[in-house]
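Everything on this sheet refers to the single structure shown next.
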Amino acid sequence: MKRFRPYRETQEIRDRYADVPKIVPGCFIYPYFVTEGSGVRQEISSMPDVYRFSIDRLLVDVEELLTLGIDKILLFGVIDEKEKDERGSAAYSADNVISRAIKAIKAHFPDILVFTDICLCEYTSHGHCGLLHNRDVDNDTTLPLLAEMAYQHAVAGADFVAPSAMMDGQVKAIRERIEKEKLKTKILAYSAKYASAFYGPFRDAASSAPSFGDRKTYQMDFRTKHQGLEEIAADIEEGTDWIMVKPALAYLDILYRASERFATYPLVAYQVSGEYAMLKNGAAQGFFDETRIFFESLTAIRRAGADYIISYYAKDFFIK
């Protein structure tokens with residue numbers, strides 16, 4: 001009889017046999033929602049302890065983040081409804097809110113790695129991720145706008161641009177624009193991004209819910225298991241530097257397969273808003289211990305093969 005319990009007798013022994021790479025501050029990318037105005041630190045009702053920040057208050061929070069050793073952030077823009085239009089023009093204007101945030105962050109914290117989300121959904125009046133044609137998102141006419149948005153962020157000093165619109169060819173369009181302008185900004189592709197119900201709280205946070213229909217014509221069907229790897233391979237061929245699987249916990253199988261097949265590429269998993277809210281609210285109801293549950297969930301993501309994790313829990317992981 002093979003005996004396994006001796007591997008588990010004490011915490012010291014359990015630690016000795018743990019074979020998942022340790023989660024350290026450098027594993028995390030912390031997401032921020034950036035809005036106009038000053039003095040804004042507005043808690044998001046569907047995401048406890050997550051806030052919308054104006055740029056001045058964002059700088060204060062980033063400074064606190066750095067004290068925890070977390071040196072990577074991902075920025076999303078949140079603008080007033082009256083500033084939105086059908087083309088998402090505010091996303092790629094020269095004075096867009098994210099470009100201004102990048103400049104401010106880099107002026108104060110030049111060594112932090114700044115990632116920016118590249119998608120039109122937060123800026124369009126209809127809430128979809130690209131230009132509409134007959135009430136459907138038109139892939140090819142959207143590509144130049146995504147490339148322009150990425151260019152504006154790159155010029156402002158972004159270290160990575162992260163296209164998330166799930167338009168075919170978006171990485172290629174952005175890569176060509178960046179190289180044409182001789183910019184050094186890298187690309188983190190939302191390669192395997194599924195049409196998921198776990199995004200609900202994010203759409204509240206970013207005011208980006210579609211005004212009609214859904215995003216199933218461009219985000220991936222969660223019933224597929226091969227397309228995700230094909231999407232990743234296509235993004236690599238088009239010139240991405242890092243790759244991503246999103247969401248995380250319900251897609252650990254995809255994450256694991258991606259880590260095995262594309263082992264030479266940094267792999268990011270996004271623990272999305274719904275995953276965060278589910279754990280937060282469950283803990284608030286007393287269903288489980290919050291520290292244990294988020295430690296376990298983040299470890300599972302790491303165990304599946306993620307090199308980096310985008311998580312709203314990043315601060316709590318080291319504060320607690």
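The values are calculated or read from the model by the stated rules, or taken from the named source; none is laboratory data. Just so you know, these numbers come straight off a predicted model, no measurement behind them. So basically every Cβ, Gly included, is an ideal-geometry build from the backbone, and we count neighbours across all protein chains shown. Ligands, DNA and RNA are excluded from the accessible area calculation, which covers all protein heavy atoms including side chains. Shrake-Rupley method; radii C 1.70, N 1.55, O 1.52, S 1.80 Å.
Within the set of pairs 6 or more residues apart or between chains, which connect a residue that is among the hydroxyl-bearing types (S, T, Y) inside segment 41-52 to a residue that is surrounded by fewer than 18 Cβ atoms within 10 Å (Cβ to Cβ) and not in a strand (DSSP E or B) with Cβ atoms less than 6 Å apart?
Cβ pairs passing all conditions: S46/D204.
All but one of (1) open to solvent by less than 90 Å² (accessible area, probe 1.4 Å); (2) assigned to a helix (DSSP H, G or I); (3) not aliphatic (A, V, I, L, M) hold for F53; state the number of the condition that does not hold.
(2)
Would you confirm whether or not segment 169-178 contains a residue that is buried (at least 16 other Cβ atoms within 10 Å of the Cβ) and under 18 Å from D85 (Cβ atoms)?
No, segment 169-178 contains no residue that is buried (at least 16 other Cβ atoms within 10 Å of the Cβ) and under 18 Å from D85 (Cβ atoms).
Could you list, in sequence order, the residues of segment 118-129 that are open to solvent by 10 Å² or more (accessible area, probe 1.4 Å) and either charged (D, E, K, R) or in contact with a Lys or Arg (Cβ under 6 Å, 6 or more places away or on another chain) (or both)?
Of everything in segment 118-129, just one residue is open to solvent by 10 Å² or more (accessible area, probe 1.4 Å) and either charged (D, E, K, R) or in contact with a Lys or Arg (Cβ under 6 Å, 6 or more places away or on another chain) (or both), namely S125.
Given I102, I70, which one is part of a helix (DSSP H, G or I), under 22 Å from the mean Cα position of the chain (by Cα), touching a residue at least 12 places away in the same chain (Cβ under 8 Å) and buried (at least 20 other Cβ atoms within 10 Å of the Cβ)? Don't jump to the end; show me each part of the working.
Values: I70 fails: part of a helix (DSSP H, G or I).
I102 is the lone residue from the list that is part of a helix (DSSP H, G or I), under 22 Å from the mean Cα position of the chain (by Cα), touching a residue at least 12 places away in the same chain (Cβ under 8 Å) and buried (at least 20 other Cβ atoms within 10 Å of the Cβ).
Restricting attention to segment 1-25, and to residues there that are within 23 Å of the chain's Cα centre (by Cα) and open to solvent by 30 Å² or more (accessible area, probe 1.4 Å), which single residue is modelled with the highest pLDDT?
As a first pass, look at segment 1-25 and keep what is within 23 Å of the chain's Cα centre (by Cα): 20-25.
With open to solvent by 30 Å² or more (accessible area, probe 1.4 Å) added as a condition, the list becomes 20-22, 24-25.
Numbers: V20: 89, P21: 84, K22: 85, V24: 91, P25: 94.
Restricting to residues being within 23 Å of the chain's Cα centre (by Cα) and open to solvent by 30 Å² or more (accessible area, probe 1.4 Å), the top hit is P25.
Go through the residues of segment 135-147 one by one and say whether even a single one is open to solvent by 10 Å² or more (accessible area, probe 1.4 Å), basic (K, R) and touching a helix residue (DSSP H, G or I) at 6+ places or on another chain (Cβ under 6 Å).
So far as segment 135-147 goes, no, none of its residues is open to solvent by 10 Å² or more (accessible area, probe 1.4 Å), basic (K, R) and touching a helix residue (DSSP H, G or I) at 6+ places or on another chain (Cβ under 6 Å).
For the structure I just gave you, tell me whether V62 is in contact (Cβ under 8 Å) with a residue 24 or more places away in the chain, over 22 Å from S208 (Cβ atoms) and open to solvent by less than 30 Å² (accessible area, probe 1.4 Å).
Numbers: in contact (Cβ under 8 Å) with a residue 24 or more places away in the chain: yes; over 22 Å from S208 (Cβ atoms): yes; open to solvent by less than 30 Å² (accessible area, probe 1.4 Å): yes.
When the stated conditions are applied, V62 passes them.
Between residues in segment 23-35 that are on the phi > 0 side of the Ramachandran plot and residues that are hydroxyl-bearing (S, T, Y), which pairs lie under 7 Å by C-beta distance while being six or more apart or on different chains?
No pair meets every condition.
Are any of the residues in segment 30-39 under 25 Å from the mean Cα position of the chain (by Cα), of a type in the set (A, V, I, L, M, F, W, C) and either under 23 Å from Q271 (Cα atoms) or at pLDDT below 95 (or both)?
Looking through segment 30-39, at least one residue is under 25 Å from the mean Cα position of the chain (by Cα), of a type in the set (A, V, I, L, M, F, W, C) and either under 23 Å from Q271 (Cα atoms) or at pLDDT below 95 (or both).
Which residue, of K186, K172, K193, is in contact with a Leu (Cβ under 9 Å, 6 or more places away or on another chain), of a type in the set (D, E, K, R) and in contact (Cβ under 8 Å) with a residue 40 or more places away in the chain?
On the way: K186 fails: in contact with a Leu (Cβ under 9 Å, 6 or more places away or on another chain); K193 fails: in contact with a Leu (Cβ under 9 Å, 6 or more places away or on another chain).
None of the others qualify; the one that does is K172.
Is it true that L132 is open to solvent by less than 40 Å² (accessible area, probe 1.4 Å), among the aliphatic types (A, V, I, L, M) and under 16 Å from Y218 (Cβ atoms)? So that I can check it myself, show each step before the final result.
Working: open to solvent by less than 40 Å² (accessible area, probe 1.4 Å): no; among the aliphatic types (A, V, I, L, M): yes; under 16 Å from Y218 (Cβ atoms): yes.
Spelling it out, it is not the case that L132 is open to solvent by less than 40 Å² (accessible area, probe 1.4 Å), among the aliphatic types (A, V, I, L, M) and under 16 Å from Y218 (Cβ atoms).
If S208 meets every condition in (1) of a type in the set (S, T, N, Q); (2) over 20 Å from the mean Cα position of the chain (by Cα); (3) crowded, with 19+ Cβ neighbours inside 10 Å apart from one, which number is that one?
(2)
For segment 54-95, give me the residue count where each residue is in contact with a helix residue (DSSP H, G or I) (Cβ under 6 Å, 6 or more places away or on another chain) and within 20 Å of P163 (Cα to Cα).
Residues flagged as in contact with a helix residue (DSSP H, G or I) (Cβ under 6 Å, 6 or more places away or on another chain) and within 20 Å of P163 (Cα to Cα) within segment 54-95 amount to 6.
Take P48 and tell me if it is surrounded by fewer than 20 Cβ atoms within 10 Å (Cβ to Cβ) and outside any loop (DSSP other than H, G, I, E, B).
On the way: surrounded by fewer than 20 Cβ atoms within 10 Å (Cβ to Cβ): yes; outside any loop (DSSP other than H, G, I, E, B): yes.
Yes.
Within segment 269-311, can you find the residues that are in contact (Cβ under 8 Å) with a residue 12 or more places away in the chain, assigned to a loop (DSSP other than H, G, I, E, B) and open to solvent by 10 Å² or more (accessible area, probe 1.4 Å)?
G305, D307
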